[in-house]
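Heads up: the structure comes next, in structure tokens.
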Amino acid sequence: MAKKLVAVIDVGSLTARLKIFEIGSKGKPKEIEAVRKFTGLGTKSYSSGIIQSAQVEELCKCLKMFDEKCREYGVARVFCVATSAFRDASNADVVIEKVRTRTGFKIKVLDNSMERYYQTLAVQAIYPDFAKIISNGTMILDIGSGSIQASVYDKSEFLFSQNLLLGSLRIAGMLDDLQSRTIHYDEVLQEFIGQDLDDYHAMEPKGIVYNNLIAFSGEMGYIKQLAGYEAMSSVIMTKDEFLKIYSYLLNVRPADLTLEKNIPSMIAPLLLPTALIIKNLLDYTGVEKIYMPHASLSDGIIYYYCVNNQGLKTEISPDSYLISASRHIAKRYRSSKKHIEYVENLALQFFDETKKISGLGSRDRLLLQVAVILHEIGKFVHSRNHSDAAYSIIKNTNLMGLDHDEINMVAMIVRLYPRNKPYDSYYYSILPTDQKVIVSKLASILKIADAIDASHKQKGKKIQCRIKDYEFIITCDASEDMSFEKWAFGNRSVMFEDVMGIKPVLKTRREG
């Protein structure tokens, strides 16, 4: 049987990378070749706001070379993604189409949340004891060229993640002219970085005692190399080892790094900003060592692909990060834990029972679960128009593991579920047709599940459901009067019948 080969092309701010993987019998990927080429897309796009024609030409040449390599190996499938250089470019759509017509590759621009999600999966794949590592306070610091992402874990749960526009290339580009005007460049960098980090600290969950710092970036291999490690290895560097490298970078010119250490001229100016970011977080967390995995976006993408399509088994479900983060958001906005858990169990039970007629899949089930967990966060802001408030909060929250469209769908589900005339919403009307169908079905499930706990007293017990003829029959035991819940259920069941084609019926049995 021929072995399956899959490739990932990552178009970054400085380089484009091709990785070719062989998929084993148990779905485990093995890297068999990696190629990298400098393109410098982000060197000008961050300041000019566009990807310029010369850079597009360079990228197309690079992709054609990668295409030849993939054909040489007989690669079955290629994922081609881009990150912040494309996200921040106003002409990204034009460039994507130009690249497609010239190379055949359709570049998918990853949202920040999905980029960080894949990076986290890559780290998880590298460390077999990842679950044990995050059982204590752990920060994962992903330093990109355009931004950084700090994600916090504790008690084996994902708690919080924040994106800051402090990428190494962005910092170096913005402050480039300062080097010639001040002898205190490091202090200016410290002030610039410290301001944004202060904002991050204000948002971070309180009471976390950090035991671990995991840091990685495109430039990290050169920092390892300066410390005497293999650039392509995963290492644990002590704080003292790192501070020696930091001190060295403070006192060496980028040109000398290129001449004396063979560090590429495009990379050399980025090492000090990268090291300074790490030092700030070292000081803040108080840890004595740094995990420096050899992790890449490409590794995370192939890992995700193998879990979802090739049967790869993992100790931690990738979706658990999203669910955990959603629960902590609900807690932050003081949602009723008992109500949320009750409605969540009901909604998922209803989803599973109706999936044969709904045509919905596992990804839709995940969107429903997130929507249920977050459906009351708006009450913290506005008790009357809470669904509108929740919509705004969700739209502006970094839900790591959902892309832009999926976050919008979750927000829309939460916005629609309490409305008597959900289809009248302008925001609903501008959804693509396929998303309208999914949002309508998931909102209708949330509507009836929430109605059964309209009083927030969890009166219904031993709830069962089944489809019979053209009815979706829900039965439960109740020790208290459920007239209010039946009234709410009757008012909210119209949408379910409309989109699912079956009538929901609530039947109660008096306990005792």
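The values are calculated or read from the model by the stated rules, or taken from the named source; none is laboratory data. Just so it is clear, the model here is predicted, and its values are computed rather than measured. Heads up, the Cβs are rebuilt from the backbone with ideal geometry, glycines too, and the neighbour counts pull from every protein chain shown.
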Could you tell me whether segment 430-439 includes any residue that is aliphatic (A, V, I, L, M), in a helix (DSSP H, G or I) and crowded, with 18+ Cβ neighbours inside 10 Å? yes
When you scan segment 270-295, how many residues do you find that are modelled with pLDDT under 90 and farther than 25 Å from Asp199 by Cβ? 1
Test set (1) assigned to a helix (DSSP H, G or I); (2) over 30 Å from Gly27 (Cα atoms); (3) touching an Asp or Glu at 6+ places or on another chain (Cβ under 6 Å) - Ser335 fails condition number: (1)
Are any residues in segment 446-486 of a type in the set (Gly, Ala, Ser), over 28 Å from Lys356 (Cβ atoms) and surrounded by 21 or more Cβ atoms within 10 Å (Cβ to Cβ), and if so, which ones? none
Is it the case that Leu322 is out of contact with any Gly (no Cβ under 7 Å at 6 or more places or on another chain) and in a helix (DSSP H, G or I)? no
Can you tell me which residue in segment 224-244 is surrounded by the fewest Cβ atoms within 10 Å (Cβ to Cβ), limited to those that are within 29 Å of the chain's Cα centre (by Cα) and of a type in the set (A, V, I, L, M, F, W, C)? Met232
Which of the numbered conditions does Ile413 fail, given that it passes all the others? Conditions: (1) touching a Leu at 6+ places or on another chain (Cβ under 6 Å); (2) more than 30 Å from Thr120 (Cβ to Cβ). (2)
Can you name every residue in segment 461-502 that is among the charged types (D, E, K, R), more than 24 Å from Leu360 (Cβ to Cβ) and assigned to a loop (DSSP other than H, G, I, E, B)? Glu480, Asp481
Just checking, which of Ser425, Ser392 is under 20 Å from the mean Cα position of the chain (by Cα) and over 30 Å from Ile301 (Cβ atoms)? Ser392
Quick one: would you say Met409 is in a loop (DSSP other than H, G, I, E, B), crowded, with 21+ Cβ neighbours inside 10 Å, in contact (Cβ under 8 Å) with a residue 24 or more places away in the chain and not basic (Lys, Arg)? no
Failed item, numbered, when Gln162 is tested on (1) modelled with pLDDT under 85; (2) over 15 Å from the mean Cα position of the chain (by Cα); (3) assigned to a strand (DSSP E or B): (2)
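Only one of these is assigned to a loop (DSSP other than H, G, I, E, B) and buried (at least 16 other Cβ atoms within 10 Å of the Cβ): Phe79, Phe105. Name it.
Values: Phe79 fails: assigned to a loop (DSSP other than H, G, I, E, B).
Answer to the check: Phe105.
Quick check on this structure: which one of Gly137, Gly104 is in the same structural domain as Ile9 (by TED's automatic domain parsing) and either under 30 Å from Arg71 (Cβ atoms) or modelled with pLDDT of 85 or more (or both)? Even if it seems obvious, please write down each step before you answer.
Working: Gly137 fails: in the same structural domain as Ile9 (by TED's automatic domain parsing).
Only one candidate qualifies: Gly104.
Do you know which residues across segment 245-277 are of a type in the set (D, E, K, R) and either surrounded by 14 or more Cβ atoms within 10 Å (Cβ to Cβ) or in a helix (DSSP H, G or I) (or both)? First the steps, then the outcome.
As a first pass, look at segment 245-277 and keep what is of a type in the set (D, E, K, R): 253, 256, 260-261.
Scanning segment 245-277 gives Asp256, Glu260, Lys261.
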Among (1) under 30 Å from Thr138 (Cα atoms); (2) hydrophobic (A, V, I, L, M, F, W, C); (3) modelled with pLDDT of 90 or more; (4) out of contact with any Lys or Arg (no Cβ under 7 Å at 6 or more places or on another chain), the one test that Ala85 misses: (3)
